[in-house]
Amino acid sequence: MKRLSVKLFIKVFVYLSAISIFPQENDSSIFMDFRNQKISDIIYSVADVCGQSVIIDETVTGNATFRFEDKDFDSALNRFAEHCHLYVEKNGSIYSVTRVKINTVSNGNLSLNTENVLLEPLLNLLSRYTNRSIIFDSLPNITVTIRTADASLEDILNLAIVKLPGFALERIADGFYITKSTGSINKRNMDIFTLSEAKGRFSCNIQKASFVNVAETLFRKGEREFSLLSKPNVTLESLIYTDKDFEELLSLILDQCNCDYSLNNNIYYIYEIQKKDVIKRHKETRIISLKNISMENLVPLLPAELNASPFLKTDKNSNSLILTGSPSEINPIEDFVKRIDTDAGERKFKTFYLSSIPAKELIPLIPKVLLLSDTIILPSGNGFVTQVTDETENKLEEFISVLDSKKESRSIKLKYIKSDELKKNLPPSVTEENIKETNEPTLIFFTGSRKQFEDFSRDLLDIDCPKQQIKYQLLVIQRQKTEGLNYSAGINMGNTKDDSGITWSSTASNIFGINFDIISEFGFQFAQSLSAELSEGKSRVLADTTLNGISGEALSFSNTNTYRYRDIIVDTNGDLYTSTTREIKSGLILSINGWVSGDEMITVKVDAQVSKQGSVDSSSASNTTAPPSTSEKKVSTNVRTKSGEPVVIGGLFQQEEDVSEKRTPLLGYIPLIGNLFKSTQISMVESEFIIYLVPFVEKSPELTPGEEENLNRLRQKYQEEGL
């Protein structure tokens, strides 16, 4: 009766907790919808409806929202487990659900996968699985995520508590204790290391641990007795040893602590020693008996970097060399001695002739390891004699060929650039030492080997080439700002009588007198407007020209008026007069600097200045002219355009005062009385200076295939002849 009541309660809970439980359809036997319910309650509800037995461990916590629409319980449970990062295992007819998947790998370590699991249930599960004690203080209610394929239990516990402030892991016997420090007095040191034994072979991975704890673990696993005659306060860090026997691993660990041991009655007595005594164990002594060369001849041949007295001692009585040190210290010395101490029968005298460097300059550069005896310089100075073997002969010839490369001097005539420009842009194939300038700016001398000359000649073809030229069509217009324009003197267009096309005519000769191709660049409407302005005097041409320049070089253009006046200086007494003639220039000054990029685009920097001179004061003395006032407008800009596309630069506005005077004939020119018969009208006129610029890239005519072939043949011929 009691079991029936519990079952009825669960069914009622299912129907109340689910937002909607739909009737079974033809293609689905489980159709349920849960909103923010406990994960364990959802699994129990579905299992009860399907009549299945489920065991859920303590690691499964939290809430979930899920919609079931499955044909059977297995598919429903697996889909829900994947959604909530759970692991399901079926044993007979009973399903086990957990958040932690744990297995043992071949070397005894663990494979662990878990996500968002509470720390305390995880520790309990690890303790049960490994059958090892894991004791812990009160832990915070946090979740952890751990994924590892091969780790020891100690490593997993360290990962679990790594983000817990104040917590540390301590080894106690065969278990672990996760403790929280309450102060500096009770603070515990955390040891992180593993030490394992398999068939009498030992391995350890020590990240950070005290020497005493490591030693205790080693002797316990090795089932040996030991006695610490002194306990060095040493912390071992970053040590990894694998597959060592007991004594070998013990010695390696003791070396880190400046300790040694003695074995007496199967008890290991451990004691401290000096560091230099530890180092002695890693040094070795070798005695090399010389057979073909005497000690007196050997020592002077030793290179300076090998002639180190701490490692080397000589015994003249036995003609032997005694080496003491580590392998890395004495191996180079031993290798050198073996090369020198060869059978005299294998040696022979060889004469080496030099072509471009004196022997007295070359011999000091030869490494001593290549010289088996003293060298004798030939009387001519162009060679030397020494003893060699077959091996050293080949190496010596190879070394000499590098230094004794023949250098030749060749003249090179530059075609498009000067020598100073070449030296500023030297290619990687040469240095300044290879190039010698002459008084002729296009003639240089190259000194070097034939291969260097060939490389330089190839690079020179890319450097010594003509620069691109740019043609600039320039038109500068001064335009007065008006309300409207009169087009009566413009351009007329219309159809011809036979309808064969369109013809145009003009009554304004202003446009046709301008060299700038206005119609092609800006169209008929602009030309008509400009023609009208020129006819009415509302616009005037300040500059109409064509300039040619090299890419990267600046051009300047000016259309100015020069006004000269005398600047009179009087001394302090008013007796002596001195004068200086000064100049004031006004008008248009234009500077253009353009260069052509690889994509045939033209970048132009334009600096324009327009200045106007004011009126001169007529009241000045007849022999002195006061400087007039001037006004200046400047604009500087950078533009980028295609070849043949116009650029318009405006913004140079200027206000001028226009004074007009009307006089009555005769009466208006009578002194004093004439002021009554004249009138003066002052008006302000605002004008704008507009610059129209069209840059063109002037391309050199392309060569025909035959001309190109002949040119390449001539280039190759002159390069081979050094011309």
* Asked: Rounded, prolate or oblate: which fits the stretch 47-128, taking a ≥ b ≥ c as square roots of the Cα gyration tensor eigenvalues, rounded meaning a/c under 1.5, else prolate when a/b beats b/c?
  -> prolate
* **the stretch 232-287, accessible surface, carbon-and-sulfur percent (1.4 angstrom probe)** => 43
* How much length is gained if the chain between S631 and S53 is pulled fully straight, taking 0.36 nm per residue apart and subtracting their Cα-Cα distance, in nm to one decimal? -> 197.9 nm
* Average accessible surface area per residue within the stretch 392-453, 1.4 Å rolling probe, Å² -> 64
* **Inter-probe distance in nm under a simple model that places probes 7 Å from Cα toward Cβ, at T442 and L547** => 2.6
* Asked: How far is it, in nm, from the label point at N124 to the one at D390 when both lie 7 Å from their Cα along the line to the Cβ?
  -> 8.2
* Structure fact -> Flagged as over-length at 31 Å C-alpha distance, from K467/K585; K471/K634; K413/K471; K244/K338, the pairs are K467/K585; K244/K338
* Asked: In the stretch 388-476, carbon and sulfur make up what percent of the accessible area (probe 1.4 Å)?
  -> 47
* Asked: Using a 1.4 angstrom probe and counting only protein chains, how large is the accessible area of C465 in Å², to 10?
  -> 50
* Find the percent of Cα-Cα distances in the stretch 142-254 that exceed 23 Å, and round it to a whole number. => 34
* Which net charge results when you count Lys and Arg as +1 and Asp and Glu as -1 among the other residues whose beta-carbon is under 12 Å from that of E197? -> +3
* Structure fact -> Quick note, the stretch 342-402: a/c under 1.5 would make it rounded; otherwise a/b > b/c is prolate and the rest oblate (a ≥ b ≥ c, C-alpha gyration tensor); here it is prolate
* Structure fact -> Heavy-atom accessible area of K90, protein chains in place, probe 1.4 angstrom, given in Å² to nearest 10, is 110
* To do: Just need the Rg to Rh number for the stretch 202-320, please, alpha carbons only, Kirkwood Rh.
  => 1.19
* Structure fact -> Between N292 and N382, the FRET efficiency computed from the C-beta separation at R0 = 45 Å comes out, to the nearest 0.05, as 0.90
* Structure fact -> Distance in nm between V369 and T581 label points, each 7 Å along Cα→Cβ, equals 8.3
* Structure fact -> Per the 1/(1 + (r/R0)^6) rule, R0 = 35 Å and r from the Cβ atoms of T560 and D599, FRET efficiency to 0.05 is 0.40
* Asked: For the pair N116 and D33, what calculated FRET efficiency results from E = 1/(1 + (r/R0)^6), where r is the Cβ-Cβ distance and R0 = 25 Å, to the nearest 0.05?
  -> 0.60
* Once the principal axes of the Cα atoms of the stretch 232-284 are found, what is the range along each, listed largest first in whole angstroms? -> 33, 30, 28
* Report the far tail of the P(r) of the stretch 358-451, meaning the percent of Cα-Cα pairs longer than 19 Å. => 56
* Structure fact -> Taking every other residue with Cβ under 13 Å from the Cβ of G222 and scoring Lys and Arg +1, Asp and Glu -1, one gets -1
* Asked: Residue separation times 0.36 nm, minus the C-alpha to C-alpha distance between D245 and S320: what's the value?
  -> 23.2 nm
* To do: Within the stretch 400-433, find all residues whose amide N lies under 20 Å from a label point positioned 7 Å from the Cα of D455 along Cα-to-beta-carbon.
  => 400-412, 422-433
* **Greater than 30 Å apart at Cα, pairs in K280/K368; K418/K612; K415/K605; K90/K180; K38/K71** => K280/K368; K418/K612; K90/K180
* Asked: Of K424/K633; K101/K208; K423/K451, which ones are farther than 31 Å apart at the Cα?
  -> K424/K633
* Structure fact -> Probe 1.4 Å, all chains present, heavy atoms only: R35 accessible area in Å², nearest 10, is 110
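The values are calculated or read from the model by the stated rules, or taken from the named source; none is laboratory data. For clarity, every value in this text was computed on a predicted model and none was experimentally measured. Glycine also receives a Cβ, built like all others from the backbone with ideal geometry; neighbour counts cover every protein chain displayed. Each accessible area value is taken on the protein alone, full model and side chains, heavy atoms only, with ligands, DNA and RNA left out. Shrake-Rupley method; radii C 1.70, N 1.55, O 1.52, S 1.80 Å.
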